[in-house]
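The values are calculated or read from the model by the stated rules, or taken from the named source; none is laboratory data. Keep in mind the model is a prediction, meaning the values are calculated, not measured. Ideal geometry is used to build each Cβ from the backbone, glycine not excepted, and the neighbour counts take in all protein chains shown. Side chains included, ligands, DNA and RNA excluded: accessible areas come from the protein's heavy atoms. Shrake-Rupley method; radii C 1.70, N 1.55, O 1.52, S 1.80 Å.
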Amino acid sequence: MMDSAEFRKRGKEMVDYMADYLEEIEKRQVYPGVNPGYLRPMIPASAPEDPETFEDVMKDVERVIMPGTASPACTELEIVMLDWLAKMIHLPKEFLAGGDGDGGGVIQGTASEACLMVMLAARTKVIQQLHLKHPELSRGEIMDKLVGYFSDQAHSSVEKAGLIAGVKMRTIPSDEKFAARGPALRKALEEDKAAGLVPFFFCATLGTTPSCAFDNLLELGPICKEENIWLHIDAAYAGSAFVCPEFRHFMKGVEFANSYNFNPHKWLLVNFDCSTLWVKERTDLTDAFKLNPVYLQHNHQECGLITDYRHWQIPQGRRFRSLKLWFVFRLYGVKGLQEFIRKHVRLAHEFEDLVRQDERFEISADVTLGLVCFRLKGSNELNKTLLENINQTKKIHIVPCKLRDKFVLRFVICARTTESHHVQFAWKHIKELAVELLNGGYQTQIRN
């Protein structure tokens, strides 16, 4: 982990590197002289376990990246980095581009984009299937029948994707642990099929935004497979934790998924934006979005030789985001990333213990990773006022959620430099404001 002094040193070195590049750019080839697939043999098949030096990484920038300039190196490195990351979190091999399957990964901007892309792909796939069975139906008539599903705890971006895709969306009630379960999905499917609708998509969440709950993939997955429903998994926040073996039990059932997404920019030390999406069948995306004007054609169209990511995303162009993954994975190593996650989980449990020791407070949901849902025992109005007082003092910032009928405060450990003394400071501050509120400030404010 870089301290401020090393950050300044490396920053100056990078400026010198860029200046040297610009000064000597005429010595470099205008067009790359590499063939598709050139990069994979030049680097290891998996991320290093232990940290490597900054000098070694920079040497490899010249050795590995520069021969392919920005493109195709941009694409080639992304393919391999998504395989590295898939191996780190133990995704099924069908999601890897370098395996025997037809899958692969791609970097999107956000989990919202990832959800929209796979929903549109699922929509295209089911429309094509239904049109073959019922050629008398128009695309519009088929669209009117489609319905997608998501938990009442899922992120709002799933519902937004449905609005953009122009399909009906239905929420599935979660259980007492705020998780979506198989029986609830089955009930909704039976009702909708009886009404003449066509279920085509379900978004399961691993680590919901309100409480970090985990939908039951072992129940939901077989139902989606049986009903030919595209199962997308949104693990935007919690997915980073799966670099640690002790948290992978939350992924049980992932083998049923058609697509899987999480955000390294949330909790894996990668700067925004970097949202990683994998699909089991890459043609599900490319068949839905592929256009090939002559000015974008090249010698090796997507037929196994290369990956053309413009068919995997909304924009045509893209940035070289896989470099961020390459640097982070090598400078921290898998062990360093695991320790980073484990430290944050320990700090979250430290905060949980402090809350439990104060009988005026209560924990509102299971604490599994870096999120603690808590509240003062009492009314929603009391907790809303506490939140307002916390955020107005501007010493710490807390975002709330609603769990059933309760207004809940969310304490999240996510900053790279968070230590135990920060947790202790935050709890002391929260407790002081709560005491002030309970000793009269709340009643006075309500009367006014």
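How much length is gained on full extension from F272 to E388, taking 0.36 nm per residue of separation minus their Cα-Cα distance?
Between F272 and E388, full extension yields 39.0 nm more.
Towards the positive end of the charge dipole of the chain, with charges on Cβ (+1 Lys, Arg; -1 Asp, Glu), say which of H90, N258, I430 has the farthest Cα.
I430
Near C74, within a Cβ-to-Cβ distance under 14 Å, what is the net charge of the other residues, with Lys and Arg +1 and Asp and Glu -1?
With Lys, Arg at +1 and Asp, Glu at -1, the net is +2.
Under a plain spin-label model, where a point goes 7 Å from the Cα along Cα-to-Cβ, how far apart in nm are T69 and D56?
3.1 nm
Nothing charged except the Cβ atoms of Lys and Arg (+1) and of Asp and Glu (-1): what's the magnitude of the dipole of the chain about its Cα centre? Round to the nearest 20 debye.
For the chain, the charge dipole is close to 840 debye.
Which value, in Å² rounded to 10, gives the accessible area of C212 with a 1.4 Å probe and all protein chains present?
Roughly 10 Å² of C212 is accessible to a 1.4 Å probe.
Ranked from the most accessible area to the least, with a 1.4 Å probe and all protein chains present, what is the order of H232, H265?
I get H265, H232, largest accessible area first.
Rounded to the nearest 5, what % of the DSSP beta bridges within the chain are antiparallel ones?
On the way: 22 of 41 bridges.
Antiparallel bridges: around 55 percent, rounded to the nearest 5.
In square angstrom, what is the accessible area per residue of segment 58-167 with a 1.4 angstrom probe?
That works out to 40 Å² per residue.
Sum -39500 (n - 2.57) across every DSSP H segment of at least 4 residues in the chain, then divide by the residue count to get the 222 nm mean residue ellipticity, nearest 500.
Computed ellipticity for the chain at 222 nm equals -13500 deg cm²/dmol.
Starting from the Cα of K266, draw a straight line to each of the lysines and keep only those under 23 Å, dropping any in the same chain fewer than 8 residues away.
K87, K160, K252, K324, K335, K343, K394, K395, K402
Can you give the accessible area of H397 in Å² (nearest 10), computed on protein heavy atoms with a 1.4 Å probe?
Spelled out: H397, probe radius 1.4 Å, area about 140 Å².
Once phi is turned into ³J(HN,Hα) by the Karplus curve 6.51 cos²θ - 1.76 cosθ + 1.60 with θ = phi - 60°, what whole-Hz value does each residue of segment 307-316 show in order, with x for glycine and proline?
Rounded to whole hertz, the list is 10, 10, 5, 5, 8, 10, 8, 6, x, 7.
Between E359 and H421, what is the label-to-label distance in nm when each label sits 7 Å out along the Cα-to-Cβ direction?
3.3 nm
I need the peptides 381-393, 412-424 ranked by packing, meaning the mean over residues of other C-beta atoms within 10 angstrom, with the highest value on top. Before the final figure, lay out the partial values.
Numbers: 381-393: 16.3, 412-424: 13.5.
With the highest mean Cβ count within 10 Å placed first, the list reads 381-393, 412-424.
Working with all protein chains in place, sort D102, D273 by solvent-accessible area computed with a 1.4 Å probe, largest first.
D102, D273
In the chain, what percent of the accessible surface is made up of carbon and sulfur (1.4 Å probe, ligands and nucleic acids excluded)?
Its accessible area is 54 percent carbon and sulfur atoms.
Candidates [x] 32; [y] 28; [z] 15; which is the computed percent of Cα pairs over 40 Å apart?
Checked against the structure: label [y].
Could you sort V198, V57 by accessible area so the largest value comes first, with the probe set to 1.4 Å?
Descending accessible area places them as V198, V57.
With every protein chain present, what accessible area does S138 have (1.4 Å probe, heavy atoms only), rounded to the nearest 10 Å²?
50 Å²
Mind checking which of C414, V367, L403 is farthest towards the positive end of segment 324-420's charge dipole, using Cβ charges of +1 (Lys, Arg) and -1 (Asp, Glu) about the Cα centre?
Value computed over the given set: C414.
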